[in-house]
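> Once you've had a glance at the structure underneath, I'll fire off some questions.
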Amino acid sequence: MTDKNMTDTQEKLVIRHIGRILSGKLEAPLLDGDCVIAIDGRISDIGYETDMNTDNASTTIDANDTWLAPGLIDSHVHPVIGDYTPRQQQINWIDSCLHGGVTTMISAGEVHLPGRPKDIVGLKAMAIASQRWYENFRPSGVKMHAGAPVLEEGMEEQDFKDLSDAGVKLLGEVGLGSVKAGETAAQMVKWARKYGIQSTIHTGGPSIPGSGLIDKDIVLEADADIIGHINGGHTALPDDQIMCLCESCTRGIEIVHNGNERAGLLAMRTAFEIDQSERVILGTDSPAGSGVQPLGILRMIALLSSLGNVPAEIAFCFATGNTARMRELDSGIIEPGKSADFIILDQAQHSPGADMLESIQQGNLPGIGMSVIDGKVTSHRSRNTPPAARLPRVC
Ligand SMILES: [Zn+2]
């Protein structure tokens with residue numbers, strides 16, 4: 001973009017002196033370049049500063065030879081309202097996750113609301129209200145896609161049309177409400193899809209008293225867009241069922257922090273064996289009984305990379321570009337036109353390994369130095385990760 005295309009009101013962000021760029025794209029996880037420019041919250045140019053027009057920047061960040069990556073996406077959270085969760089009585093849990101590199105979250109149902117309505121008009125009203133309050137209020141800047149109704153028996157096609165017309169774009173985890181049978185779930189998932197609403201299904205044993213087992217036959221019959229926590233939330237299905245789910249459909253393979261870690265590694269390995277690693281996406285499934293995990297997505301990247309023998313730059317794609325593509329988001333990938341949602345990070349101080357990727361492949365977390373959402377700086381040095389060896393700064 002040239003200066004003559006800029007008007008006085010445009011916001012221009014220049015990030016210079018980048019060491020390496022993680023793209024979020026499996027097919028090319030590392031990009032050449034030392035500079036990224038965003039105009040009005042969207043990436044406009046990526047390359048070498050000597051070839052780029054960095055004049056008239058509203059904000060310039062000196063990355064200090066560290067790494068730039070897309071902001072991480074948590075594909076599976078259970079928010080309720082604002083930056084508060086009644087589940088563990090915690091405030092500012094979303095801000096804490098931003099300090100763990102997460103810039104986008106996707107609700108799998110606002111199930112922890114005390115007194116959550118289960119009648120159809122009530123659950124629709126709550127989904128619409130949740131969608132609105134997170135659209136109108138981003139905690140610490142984090143993009144929260146919420147308003148995900150939990151399916152109950154008796155819902156009809158018109159209900160899905162009403163939800164869609166009102167702006168609802170997600171279903172809560174299928175199986176958390178009274179709809180647990182494959183046939184009913186399959187019909188409702190179809191109605192949701194018809195009206196542009198994405199679906200996720202709970203997979204595995206019951207998560208809390210009152211929820212039930214969802215085995216591979218129900219998951220396959222329901223055919224939701226995402227096989228939610230294929231590694232259980234908390235209890236995983238037997239190994240043969242996990243492998244069968246990967247092999248028998250093309251839906252998203254979601255691995256969560258609050259599940260069974262061994263089963264998560266199995267699901268990821270199976271995806272690679274069938275050459276479908278683009279289906280692997282990551283979530284925390286928090287807040288939940290296990291609490292909230294500010295570093296949950298980073299921990300999943302380090303776990304899958306180190307114990308699963310996957311290059312760290314590929315593991316980053318699970319939490320960025322893969323999720324963005326599966327979820328049809330305009331973030332998660334560093335390329336022109338996408339949202340300027342970034343993290344700037346580096347190897348943790350005193351961590352082993354020649355560089356950040358090597359230290360992650362050895363099981364260590366990186367240090368987050370800054371986050372940027374829609375081209376605006378949203379946090380500086382993380383208060384939650386280990387300290388980064390080098391830090392970026394706003395010039
Ligand atoms: Zn679940």
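The numbers here are math on the coordinates, done by the rules we state, and not lab data. Not measured: the values here are computed from a predicted model. Here the Cβ is made from the backbone with ideal geometry for all residues, glycine too, and neighbour counts use every protein chain on show.
> Give the calculated FRET efficiency between K194 and T59 to the nearest 0.05, with a Förster radius of 35 Å applied to their Cβ-Cβ distance.
So the FRET efficiency works out to roughly 0.25.
> Same structure again: If I take every Cα pair under 8 Å that is 6 or more residues apart in the stretch 72-294, average their sequence separation and divide by the length, what percent do I get for the relative contact order?
That works out to 20 percent.
> In deg cm²/dmol and to the nearest 500, what is the mean residue ellipticity at 222 nm of the chain if only DSSP H runs of at least 4 residues count, each as -39500 (n - 2.57), divided by the residue total?
-8000 deg cm²/dmol
> I would also like to ask the following. Using only Cα atoms and rounding to the nearest 10 degrees, what angle (0 to 90) does helix 261-273 make with the longest principal axis of the chain?
Tilt of helix 261-273: around 80 degrees.
> ³J(HN,Hα) across the stretch 147-159 via Karplus (A = 6.51, B = -1.76, C = 1.60, θ = phi - 60°), whole Hz, x for Gly/Pro?
Computed from phi, the couplings for the stretch 147-159 are x, 10, x, 8, 5, 10, 4, x, 5, 10, 3, 4, 5 Hz.
> For R42, what residues show an amide H to amide H distance below 5 Å, using hydrogens built from the backbone and excluding near sequence neighbours?
So R42 has HN proximity to A340.
> Same structure again: What percent antiparallel are the DSSP beta bridges of the chain, to the nearest 5?
55 percent
> In addition: Along the Cα→Cβ direction, 7 angstrom out, place labels at C395 and D32. What is the inter-label distance in nm?
2.3 nm
> Going by alpha carbons, how many degrees (0 to 90, nearest 10) lie between the helix axis of 120-136 and the longest principal axis of the chain?
0 degrees
> Counting only residues 5 or more places away or on other chains, whose amide H sits under 5 Å from the amide H of R138 once H atoms are built in the peptide plane?
Sorted by chain and number, the residues that satisfy this come to none at all.
> Straight-line reach from K216: which lysines have Cα under 27 Å away, leaving out those fewer than 8 places along the same chain?
Within the straight-line limit of under 27 Å, K216 reaches these lysines: K118, K169, K180, K190, K194.
> Taking the alpha-carbon set of the stretch 322-395, what are its Rg and Dmax in Å?
Radius of gyration, then largest Cα-Cα span, for the stretch 322-395: 13.8, 38 Å.
> Which whole-number percent gives the relative contact order of the chain, counting Cα pairs below 8 Å spaced six or more residues apart?
Over the chain, the number comes to 20 percent.
> If one takes the longest principal axis of the Cα atoms in the chain, at what angle in degrees, from 0 to 90 and to the nearest 10, does the Cα axis of helix 239-248 lie?
Value to nearest ten degrees: 80.
> In whole Å, what are the Cα extents of the chain along the three principal axes, biggest one first?
Cα extents, longest axis first: 61, 45, 37 Å.
> Treating cross-link reach as a plain straight distance, find the lysines whose alpha-carbon is under 29 Å from the alpha-carbon of K12, omitting any fewer than eight places away in the same chain.
K4, K25, K143, K338, K376
> Here is a follow-up. Specify the inter-centroid distance of the stretch 57-107 and the stretch 148-169, based on alpha-carbon positions, in whole Å.
Taking the Cα centre of each part, the stretch 57-107 and the stretch 148-169 sit 28 Å apart.
> Report, by chain and number, residues whose modeled amide H sits under 5 Å from the one on Q90, excluding near sequence neighbours (fewer than 5 apart, same chain).
The list, which skips near neighbours in sequence, is T85.
> Classify the stretch 72-294 from the C-alpha gyration tensor, please: rounded if a/c falls under 1.5, else prolate or oblate depending on whether a/b exceeds b/c.
It comes out oblate by the Cα gyration axes.
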